[in-house]
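The values are calculated or read from the model by the stated rules, or taken from the named source; none is laboratory data. Note that the structure is predicted; figures quoted are calculated from it, not measured. Cβ atoms come from the backbone with ideal geometry, glycine included; neighbour counts cover every protein chain shown. Accessible surface is based on the protein model in full, side chains and every heavy atom, while ligands, DNA and RNA are left aside. Shrake-Rupley method; radii C 1.70, N 1.55, O 1.52, S 1.80 Å.
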Amino acid sequence: MTARIGVVTFPGSLDDRDTQRAIRVAGAEPVALWHKDKDLKQVDAVVLCGGFSYGDYLRAGAIARFSPVMDTVIDQAKAGLPVLGICNGFQILTEAHLLPGGMLGNDHLHFICRDQKLRVENADTSWTSDYTAGQEIHIPLKNMDGRYVADRRTLDELEAEGRVAFRYLDMNPNGSLNDIAGITNAAGNVVGLMPHPEHAVESLIGTGRTDGLPFFTSILKKLVNA
């Protein structure tokens, strides 16, 4: 039976089709989910994709967090459903309190678009098991509000518990504290990051590498072996 991974589209989502393609390239079946529909169509995992949901009004992800679909995503994520938030999806996960901390505007006050070097810090989550801890990868990054912030206690907990999933290398592109590019919840089923792995699954496009593909093969293997 083919694993089914839902991709939620909000008003202002940009990368839903790219994410669906990445899922298909990995060998799973992408399922389109609409933000107003609470029904997740019995998917095995969910991706909140990148973009500018609701134009980033108030704060990036602040309005999307109250879309009807998020009620179900929050409930099922707390029950163990694997959820990946990419860029705007990461912002939505923090607004929904599925991940701690928050996102602010880049410290240089400019939109950034570049190939970004990362280090994998945690290869034990539902979405990172096809990496190895310490592995260095290149993933496209594009954001305006990508600066991860949290209070010192939260940062200390994330570091102590190994919940920093990815860290920026060579340069910090947005001023994120502790060079944090992505984090996971304690259970490892919810992961959020600012870079875009869906843009690095085929050698023809993006970085010219496939460093983002293991996100999608990781969850596929987990679901198949569950």
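Summary table
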item	result
Mean-position separation - Cα centroids, the range 139-190 and the range 33-104, in angstrom	17
Proximal aspartates and glutamates relative to LYS78, as straight alpha-carbon distance under 12 Å, when same-chain residues fewer than 8 apart are discounted	none
Solvent accessible area, Å² - SER218, 1.4 Å probe, full protein context	0
Cβ-derived FRET efficiency at R0 25 Å, VAL224 paired with ALA186, nearest 0.05	0.55
Candidate values (1) 20.8, 63; (2) 15.6, 47; (3) 16.1, 54, label of the one derived for Rg and Dmax of the Cα atoms in Å	(2)
Charge tally in the Cβ shell below 14 Å around LEU223, where Lys, Arg are +1 and Asp, Glu are -1, LEU223 excluded	0
Cβ-Cβ FRET estimate between GLN135 and LYS38, R0 fixed at 41 Å, reported to 0.05	0.65
Stretchable slack from HIS108 to PHE66, in nm (0.36 nm times residue separation minus alpha-carbon distance)	12.2 nm
